[in-house]
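Quick notes on the structure that follows.
The values are calculated or read from the model by the stated rules, or taken from the named source; none is laboratory data. Remember, it's a predicted structure, so these values are computed and weren't measured experimentally. Please note: Cβ atoms are built from the backbone with ideal geometry, for glycine as well, and neighbour counts cover all protein chains shown. When the accessible area is computed, the model is the full protein with side chains, heavy atoms only, and any ligands, DNA or RNA have been set aside. Shrake-Rupley method; radii C 1.70, N 1.55, O 1.52, S 1.80 Å.
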Amino acid sequence: VTVEYLDYEVLDDHGWSLDATDLFERARRADLEPDAHGRLAVEPGETLLEAAEHNGFAWPFACRGGACTNCAIAIVDGRMPPPVGHILPESMIERGIRLSCLAAPITDNAKVVYNVKHMPDVAELLL
Ligand code: FES
């Protein structure tokens, strides 16, 4: 599975919306640092958080068990199973918010925005 990732802080800095259809095209044109935007491979059995760590990135986390939302990501393209035994409200699941500590995308390619814990409505859930 190949995942193209983008740091939510970049959206915040540039005033880009998570809903922008050309979000990742903008990111590619912006010549961002590798920790802010790029691609990584997720090996079978790895969670997305583990894959990021194995690629040398320090994505946010705290509990690693679906209880805190520090590791929240937004799926922009591709599919990732909704977490089981977690604290995300259904409305967030419907908007593509997932927890990177619990799973990884199941489509061959996916686009995700990580660090969405800084998105105001996710931040409200943070423990
Ligand atoms: Fe706490 Fe993922 S690290 S929910």
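Within 18 Å of HIS37 (Cβ to Cβ) and within 10 Å of the ligand (Cβ to nearest atom): is that true of ILE87 in this structure?
Values: within 18 Å of HIS37 (Cβ to Cβ): no; within 10 Å of the ligand (Cβ to nearest atom): yes.
No.
Would you point out the residue of region 48-63, among those that are in contact with a strand residue (DSSP E or B) (Cβ under 9 Å, 6 or more places away or on another chain) and more than 21 Å from ALA123 (Cα to Cα), that is nearest to the ligand (Cβ to nearest atom)? Among them, the one singled out is ALA52.
To keep it simple, each residue is scored yes or no on (1) in contact with a Ser or Thr (Cβ under 9 Å, 6 or more places away or on another chain); (2) exposed (fewer than 14 other Cβ atoms within 10 Å of the Cβ).
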{"position": "TRP59", "(1), (2)": "yes, no"}
{"position": "GLY78", "(1), (2)": "yes, no"}
{"position": "GLU94", "(1), (2)": "no, yes"}
{"position": "LEU99", "(1), (2)": "yes, no"}
{"position": "LEU102", "(1), (2)": "yes, no"}
{"position": "ILE106", "(1), (2)": "no, yes"}
{"position": "VAL113", "(1), (2)": "no, no"}
{"position": "LYS117", "(1), (2)": "yes, no"}
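Of all residues in region 81-113, those being in contact with a Cys (Cβ under 8 Å, 6 or more places away or on another chain) and more than 23 Å from ALA41 (Cβ to Cβ) number 1. Of ASP35, ASP31, ASP19, ASP12, all but one fail to be of a type in the set (D, E, K, R), open to solvent by 70 Å² or more (accessible area, probe 1.4 Å) and in contact (Cβ under 8 Å) with a residue 60 or more places away in the chain; the exception is ASP12. Among the residues of region 64-76, is there at least one that is away from the ligand (no atom under 14 Å from the Cβ), open to solvent by 30 Å² or more (accessible area, probe 1.4 Å), outside any strand (DSSP E or B) and closer than 17 Å to VAL1 by Cα? Looking through region 64-76, none of the residues is away from the ligand (no atom under 14 Å from the Cβ), open to solvent by 30 Å² or more (accessible area, probe 1.4 Å), outside any strand (DSSP E or B) and closer than 17 Å to VAL1 by Cα.
For region 77-99, filtered to residues that are in contact with a Pro (Cβ under 7 Å, 6 or more places away or on another chain) and not in a loop (DSSP other than H, G, I, E, B), the residue that is farthest from THR2 (Cα to Cα) is ILE93. Residues that are under 26 Å from ALA27 (Cα atoms) and free of Cβ contacts under 8 Å to residues at least 40 places away in the same chain within region 58-76 comprise ALA58, ILE75, listed in sequence order. Output the residue which, of all residues in region 1-49 that are among the hydroxyl-bearing types (Ser, Thr, Tyr) and part of a loop (DSSP other than H, G, I, E, B), is farthest from the chain's Cα centre (by Cα). Among residues in region 1-49 that are among the hydroxyl-bearing types (Ser, Thr, Tyr) and part of a loop (DSSP other than H, G, I, E, B), the one farthest from the chain's Cα centre (by Cα) is THR21.
Scanning region 107-125 for residues that are under 19 Å from VAL10 (Cβ atoms) and at pLDDT below 95 gives LYS117, HIS118, MET119, PRO120, ASP121, VAL122, ALA123.
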